[in-house]
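Remarks on the structure that follows.
The values are calculated or read from the model by the stated rules, or taken from the named source; none is laboratory data. What you are looking at is a predicted structure, and each value in this text was computed from that prediction instead of being measured. Note that each Cβ is placed from the backbone with ideal geometry, even for glycine, and that neighbours are counted across all protein chains shown. Surface accessibility is based on the protein's heavy atoms, side chains included, excluding ligands, DNA and RNA. Shrake-Rupley method; radii C 1.70, N 1.55, O 1.52, S 1.80 Å.
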Amino acid sequence: MPDSGPADDTPFTRLVFELNLISRHFPTTTRRRPGFLLDRSAFLILTRLDLGEPLSLRELSEAFQLDISTINRQVGAMLKQELVQRVPDPDGGVARKVTMTADGKAALEADRRHRSSDIGKVVADWDADDVTELSRLMRKFNRSVEQLEENPWPRPPHSDS
């Protein structure tokens with residue numbers, strides 16, 4: 001049986017292959033999985049809102065590097081589900097901003113618990129040093145992407161260590 005893998009077996013080629021594979025472990029929507037409450041876009045938007053102040057649609061569009069019409073549609077669905085609400089700009093600007101509701105916070109926390117549990121099962125038999133190293137390398141990878149795209153993502157204070 002012929003080998004169907006890449007012809008060159010370099011660390012970089014293996015990295016590209018593994019990064020392509022990882023996407024199959026995280027479906028585009030988790031809502032279809034038992035126990036999850038949020039679709040992928042709602043989870044990501046709520047995660048971003050949870051890291052700071054309310055954001056305008058334009059600010060969300062820039063953060064996610066998506067058309068404002070896409071963000072508007074996603075936020076519109078979240079407004080109907082009462083996961084977010086529009087609020088006046090705390091800095092006095094004209095554009096209204098979006099903030100998470102208590103229901104949004106509760107759904108986000110529930111989905112985070114499910115995700116943590118699922119990932120915990122995957123790494124349950126790993127050494128703590130391996131989990132630490134994977135976390136460090138993933139953070140380094142993500143920060144490199146953010147630097148190239150000139151689009152830094154805020155992180156909780158504890159993750160900068």
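Placing +1 on the Cβ of each Lys and Arg and -1 on the Cβ of each Asp and Glu in the chain, which of MET78, GLY93, THR47 has its Cα farthest towards the positive end of the resulting dipole?
MET78
Can you give me the Cα centroid spacing of the range 129-161 and the range 80-128 in angstrom?
Measuring centre to centre over Cα atoms gives 19 Å.
Want the number for GLN147 to LEU19: 0.36 nm per residue separation, take away the alpha-carbon distance, what's left? Numbers along the way, then the final one.
On the way: separation 128, 0.36 × 128 = 46.08 nm, distance 1.87 nm.
Full extension of this stretch gives 44.2 nm more.
Based on the Kirkwood radius over alpha-carbon pairs, what is the Stokes-Einstein translational diffusion coefficient of the chain at 20 °C with 1.002 mPa s viscosity, in µm²/s?
After rounding, the answer is 118 µm²/s.
From the phi angles alone, apply the Karplus equation (6.51, -1.76, 1.60; θ = phi - 60°) to the range 110-124 and give each ³J(HN,Hα) in whole Hz, x where the residue is Gly or Pro.
Per-residue couplings from phi come out as 5, 5, 4, 4, 5, 4, 4, 4, 5, 5, x, 5, 5, 9, 4 Hz.
Using only Cα atoms, tell me the angle between helix 128-149 and the longest principal axis of the chain; keep it within 0 to 90° and round to the nearest 10.
Approximately 60 degrees, to the nearest ten.
What dipole magnitude, in Debye to the nearest 20, does the range 55-94 give about its Cα centre under +1 on Lys/Arg Cβ and -1 on Asp/Glu Cβ?
200 debye
Please give the length that would be gained between THR10 and ALA110 if that part of the chain were fully extended, namely 0.36 nm times their separation in residues minus their C-alpha to C-alpha distance (nm, one decimal).
Difference between extended and current length: 32.0 nm.
Over the chain, what is the mean sequence separation of C-alpha contacts under 8 Å (at least six apart), divided by residue count, expressed as relative contact order in percent? Provide the component values of the computation, followed by the final result.
Numbers: 115 pairs, mean separation 32.2, N = 161.
Dividing the mean separation by the residue count of the chain yields 20 percent.
Summing -39500 (n - 2.57) over the DSSP H runs of n ≥ 4 in the chain and dividing by its residue number, what mean residue ellipticity at 222 nm do you reach, to the nearest 500 deg cm²/dmol?
-17500 deg cm²/dmol
Amide H to amide H under 5 Å from LYS97: which residues, 5+ apart in sequence or cross-chain, H placed 1.01 Å off N in plane?
For LYS97, the qualifying residues are VAL87, ASP89.
Would you mind putting 13-21, 52-60 in packing order, based on average other-beta-carbon counts within 10 Å, highest first?
Top of the packing list down: 52-60, 13-21.
Which value in nm describes the separation of the simple spin-label points at LEU51 and ALA95, placed 7 Å from the Cα toward the beta carbon?
Using points 7 Å along Cα→Cβ, the separation is 1.8 nm.
Go through the range 82-98 residue by residue and turn each phi into a ³J(HN,Hα) via Karplus (6.51, -1.76, 1.60, θ = phi - 60°); whole Hz please, and just put x for glycine and proline.
3J(HN,Hα) across the range 82-98, in whole Hz: 6, 8, 9, 9, 8, 9, x, 4, x, 8, x, x, 6, 5, 6, 10, 10.
Accessible area of the range 73-139 with a 1.4 Å probe: how many percent of it is carbon plus sulfur?
Carbon and sulfur: 54 percent of the exposed surface of the range 73-139.
What is the magnitude of the charge dipole of the chain about its Cα centre, with +1 placed on the Cβ of each Lys and Arg, -1 on the Cβ of each Asp and Glu, and no other charges, expressed in debye to the nearest 20?
The dipole of the chain has a size of about 740 debye.
Amide H neighbours of VAL84 under 5 Å, counting only residues 5+ apart in sequence or on other chains, H built in-plane at 1.01 Å?
Counting only residues 5 or more places away or on other chains, the set is LEU79, THR101.
Among MET78, MET138, MET100, which one moves the most in a GNM of the chain with springs linking Cα atoms closer than 10 Å?
MET138
Roll a 1.4 Å probe over the protein chains and send me the accessible area per residue for the chain in Å².
71 Å²
Would you mind working out the magnitude of the charge dipole of the range 62-140 relative to its Cα centre, with +1 at each Lys and Arg C-beta and -1 at each Asp and Glu C-beta, to the nearest 20 Debye?
360 debye
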